[in-house]
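Engineer: Dumping the structure here so I can ask a few things about it.
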Amino acid sequence: MASPKKKLQGLVAATITPMTENGEINFSVIGQYVDYLVKEQGVKNIFVNGTTGEGLSLSVSERRRVAEEWVTKGKDKLDQVVIHVGALSLKESQELAQHAAEIGADGIAVIAPFFLKPWSKDVLINFLKEVAAAAPALPFYYYHIPALTGVKIRAEELLDGIQDKIPTFQGLKFSDTDLLDFGQCVDQNRQQQFAFLFGVDEQLLSALVMGATGAVGSTYNYLGRKTSQMLEAFERKDFSLALNYQSCFLIYFSHPGFGVSQTKAIMTLVSGIPMGPPRLPLQKASREFTDSVEAKLKSLDFLSFTDLKDGDLEAGS
Ligand SMILES: CC(=O)N[C@H](C=O)[C@@H](O)[C@H](O)[C@H](O)CO
Ligand SMILES: CC(=O)C(=O)O
């Protein structure tokens, strides 16, 4: 059973699930990936099997094995490993929650079910509560991502009184651009010590102003160091420097169409660890995309990645 943990804060990398060219999970590079995050990016918290990890495109048994591998390889290296256990089937979600507790993960997160949807706050809470109850010793995070789930219940509304229903509730991963909703979540729950983790990397600076206590995102896989510098600039109240960092991410890493396939390609390029293609229905990023990102990375002094090597994108593919 998990021991009481310190609050989840700072940067959390939403891990990619590495795959081989024929679409199988490439477990063999996860150990190396952990070392890369810790040593090269200074990131020691991870969020596994979420959007970036294609969690909903994996089978339950694959999700269990991926979670196990990250927990095992992260032991004594990572601070916290949060497993996303959301699923359309309550049973599957409970199985994954219980499994996360058994393997010694540090927390679980759940999205709203997105096919037969909960249409009210109370119904959504009822679902989340049943999942949380399957892992009663693990901190529970609600993963709010309305653009992908289609469940648009405001997070502020959901949080109102949530700990009465879900005693393990510890925080929110907020992946939406509605900073009013986010700000109200923070403002109305100040006493609760929740983690308010922001999930739109391109907007993190604005979310810090609104009171974010941390961030979960795909770009922290390869922009962890740079984002830490942005957080430090913000702490020092050097807002123009902080804005320089944020603008750079805005321009180069979040144009329309930026998604999991592109994240896999960029991470392969920057880290040298082969992430492979995404699984269907996603398609591998185009050669044009990867060429243009590689050129941008090289041209940007700001992003002086020391490990940039030609041809890395093709490694493992
Ligand atoms: C939809 C999606 O994947 N959102 C991620 C986290 O929630 C973000 O980390 C984005 O990947 C990132 O903000 C880049 O657009
Ligand atoms: C980005 C994020 O948090 C996820 O991949 O779920």
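Any read-out appearing in this document is the output of simple, stated calculations on the displayed coordinates, not a laboratory observation. All values reported here derive from a predicted model rather than from experimental measurement. Cβ: placed from backbone, ideal geometry, glycine included. Neighbour counts: every protein chain shown.
To keep it simple, each residue is scored yes or no on (1) buried (at least 20 other Cβ atoms within 10 Å of the Cβ); (2) in contact with a Gly (Cβ under 6 Å, 6 or more places away or on another chain); (3) more than 24 Å from Ala101 (Cβ to Cβ); (4) β-branched (Val, Ile, Thr).
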position	(1), (2), (3), (4)
Val131	yes, no, no, yes
Ala134	yes, no, no, no
Gly161	no, no, yes, no
Phe169	yes, no, no, no
Cys185	yes, no, yes, no
Gln188	no, no, yes, no
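Engineer: Let me ask something else. Looking at Asp76, Asp106, can you tell me which residue is charged (D, E, K, R), away from ligand 2 (no atom under 15 Å from the Cβ) and out of contact with any Lys or Arg (no Cβ under 9 Å at 6 or more places or on another chain)?
Structural biologist: That would be Asp76, the only listed residue that is charged (D, E, K, R), away from ligand 2 (no atom under 15 Å from the Cβ) and out of contact with any Lys or Arg (no Cβ under 9 Å at 6 or more places or on another chain).
Engineer: List pairs: first in segment 77-97 and charged (D, E, K, R), second part of a loop (DSSP other than H, G, I, E, B), Cβ under 6 Å, 6+ apart or cross-chain?
Structural biologist: Within 6 Å, the pairs are Asp79/Lys44.
Engineer: May I pose another question? Spot the failing condition for Val38; the list is (1) within 30 Å of Glu235 (Cα to Cα); (2) aliphatic (A, V, I, L, M); (3) within 13 Å of ligand 2 (Cβ to nearest atom), and only one is missed.
Structural biologist: Tallying (1) within 30 Å of Glu235 (Cα to Cα); (2) aliphatic (A, V, I, L, M); (3) within 13 Å of ligand 2 (Cβ to nearest atom), Val38 fails exactly one: (3).
Engineer: Just the residues that are outside any loop (DSSP other than H, G, I, E, B) and either within 16 Å of ligand 2 (Cβ to nearest atom) or free of Cβ contacts under 8 Å to residues at least 24 places away in the same chain (or both), please, taken from segment 109-124.
Structural biologist: Ala109, Val110, Asp122, Val123, listed by residue number.
Engineer: Next up: Pairs only if they're at least six apart or on different chains, beta carbon under 7 angstrom, first in segment 125-153 and assigned to a helix (DSSP H, G or I), second of a type in the set (D, E, K, R); list them, first residue then second.
Structural biologist: If the second residue must be of a type in the set (D, E, K, R), the pairs left are Ile125/Lys165; Lys129/Lys165; Pro146/Lys152; Pro146/Asp176; Ala147/Asp176.
Engineer: Only one of Gly42, Gly31 is closer than 24 Å to Val270 by Cα and within 17 Å of the chain's Cα centre (by Cα). Can you tell me which?
Structural biologist: Gly42
Engineer: Among the residues of segment 171-180, what is the count of those that are within 16 Å of ligand 2 (Cβ to nearest atom) and either outside any loop (DSSP other than H, G, I, E, B) or aromatic (Phe, Trp, Tyr) (or both)?
Structural biologist: Total satisfying the criteria: 4.
Engineer: Looking at Glu92 and the list (1) more than 21 Å from Val151 (Cβ to Cβ); (2) surrounded by fewer than 20 Cβ atoms within 10 Å (Cβ to Cβ); (3) of a type in the set (D, E, K, R), which single condition is not satisfied?
Structural biologist: Here Glu92 clears every test but (1).
Engineer: Report the residue count in segment 209-246 for those that are free of Cβ contacts under 8 Å to residues at least 12 places away in the same chain and among the β-branched types (Val, Ile, Thr).
Structural biologist: Going through segment 209-246 one residue at a time, the tally reaches 1.
Engineer: Only residues that are touching a strand residue (DSSP E or B) at 6+ places or on another chain (Cβ under 6 Å) and either among the basic types (Lys, Arg) or under 17 Å from Gly199 (Cα atoms) (or both): list them for segment 141-169, please.
Structural biologist: Correct list: Tyr141, Tyr142, Tyr143, His144, Ala155.
Engineer: Kindly establish whether Leu158 is in contact with a Lys or Arg (Cβ under 9 Å, 6 or more places away or on another chain), assigned to a helix (DSSP H, G or I) and away from ligand 2 (no atom under 12 Å from the Cβ).
Structural biologist: Judged against the criteria, Leu158 is a match.
Engineer: From the set of residues in segment 47-86 that are of a type in the set (D, E, K, R) and under 14 Å from Ile25 (Cβ atoms), which is surrounded by the fewest Cβ atoms within 10 Å (Cβ to Cβ)?
Structural biologist: Across segment 47-86, the extreme among qualifying residues is Arg65.
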